[in-house]
Amino acid sequence: MEFIDTHTHLYLSQFDKDINNVIDSAIENGIKKMLLPNIDSTTTNQMLHLSREFPDNCFPMIGLHPCSVKKNNIDKELEHVNDMLEKENFIAIGEIGLDLHWDKTTLELQKKAFEHQINLAKKFNLPIVIHVRESFNEAIEIVEKLNDSNLRGVFHCFTGSVKDAERVIDLKGFFLGVGGVITFKNGGLDKIINQIPLDHIMLETDSPYLTPAPNRGGRNESKYILDIAQKVSNIYNIDIEKIAKITTENANKLFNI
């Protein structure tokens, strides 16, 4: 039984003291591939270092996170993304998108960065990994506007409705990232997820954040994909082995790994 953690920030300082153990533990639990979304230019080097140290297990993306979009840095940060795409190999453009939870005043700048990076994804023929915290409608409108046969990706940390999921599926080539929220008592995702076909779902942890039950309150890590998968298995009433097979195939298909 093999899984892919399609979204994990293992290069962050929360893992400085035990990263080897964290990766070894993930591998021992069947999570042999861990996909690393970037945040901004301050995290690129750590992410690439980890990917080079574990080339068979850790796979890097490049992108500018919407929470890092500021008026005084957007041009420099987007230039960094452009430059890195010319120099290094990445599996995706991510993590990109919109975030209206922390700062609504930068929305227009976030949209500019989002659209720019979508166009980069088309240019380099890479999938996009989309952050949509409290901004699903605004983000999917942009994707719908720019969508074509050369665009594909995943809506990371999906927490929307069945109608929202249908809009994603209608894009063709897009998936829903399901993580620890599905195990939260009041998360709501567990009530609707079984109305979404499994062939549109991928599993993720978003480590070190959004730790699933029964370990909520502690640091998240990639081995907890098993807790997420077990919850999905229970909801769909399908063996966890089949959940592993389908979601892993989905991830391999999108990211070509």
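The values are calculated or read from the model by the stated rules, or taken from the named source; none is laboratory data. All figures in this text were calculated on a predicted structure; none of them were measured in a lab. As a convention, Cβ positions derive from the backbone with ideal geometry for all residues, glycine included, and neighbour counts pool all protein chains shown.
Computed values, structure above
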quantity	calculated
The stretch 225-243: number of residues that are touching a helix residue (DSSP H, G or I) at 6+ places or on another chain (Cβ under 7 Å) and either surrounded by fewer than 22 Cβ atoms within 10 Å (Cβ to Cβ) or modelled with pLDDT under 95 (or both)	7
Boolean, Ser222 is at pLDDT 95 or above and under 18 Å from the mean Cα position of the chain (by Cα)	yes
Checklist (1) surrounded by fewer than 22 Cβ atoms within 10 Å (Cβ to Cβ); (2) out of contact with any Asp or Glu (no Cβ under 7 Å at 6 or more places or on another chain) applied to Asn250, failing item	(2)
Out of Leu210, Leu176, Leu254, sole residue that is among the aliphatic types (A, V, I, L, M), farther than 17 Å from Asn29 by Cβ, part of a strand (DSSP E or B) and under 16 Å from the mean Cα position of the chain (by Cα)	Leu176
Per-region count, the stretch 213-222, residues charged (D, E, K, R) and either in a helix (DSSP H, G or I) or surrounded by fewer than 24 Cβ atoms within 10 Å (Cβ to Cβ) (or both)	2
Residue list for the stretch 198-217, restricted to those being touching a residue at least 60 places away in the same chain (Cβ under 8 Å) and either closer than 12 Å to Ile228 by Cα or of a type in the set (D, E, K, R) (or both)	Met202, Leu203, Glu204, Thr205, Asp206
Search result, residues across the stretch 188-207 that are assigned to a loop (DSSP other than H, G, I, E, B) and surrounded by 16 or more Cβ atoms within 10 Å (Cβ to Cβ)	Ile196, Glu204, Thr205, Asp206
Top-ranked residue in the stretch 11-28 [being more than 12 Å from Glu221 (Cα to Cα) and outside any helix (DSSP H, G or I); ranked as farthest from the chain's Cα centre (by Cα)]	Lys17
Test set (1) in a helix (DSSP H, G or I); (2) over 26 Å from Lys122 (Cα atoms); (3) in contact with a Ser or Thr (Cβ under 6 Å, 6 or more places away or on another chain); (4) not polar (S, T, N, Q) - Val232 fails condition number	(3)
Entirely in the stretch 30-125, the strands (runs of 3 or more DSSP E) that have 3 or more residues that are more than 18 Å from the chain's Cα centre (by Cα), free of Cβ contacts under 8 Å to residues at least 60 places away in the same chain and more than 30 Å from Ala244 (Cβ to Cβ)	none
Residue satisfying condition, being surrounded by fewer than 16 Cβ atoms within 10 Å (Cβ to Cβ) and either hydrophobic (A, V, I, L, M, F, W, C) or over 23 Å from Asp164 (Cα atoms) (or both), within set Phe124, Phe136, Phe114, Phe90	Phe124
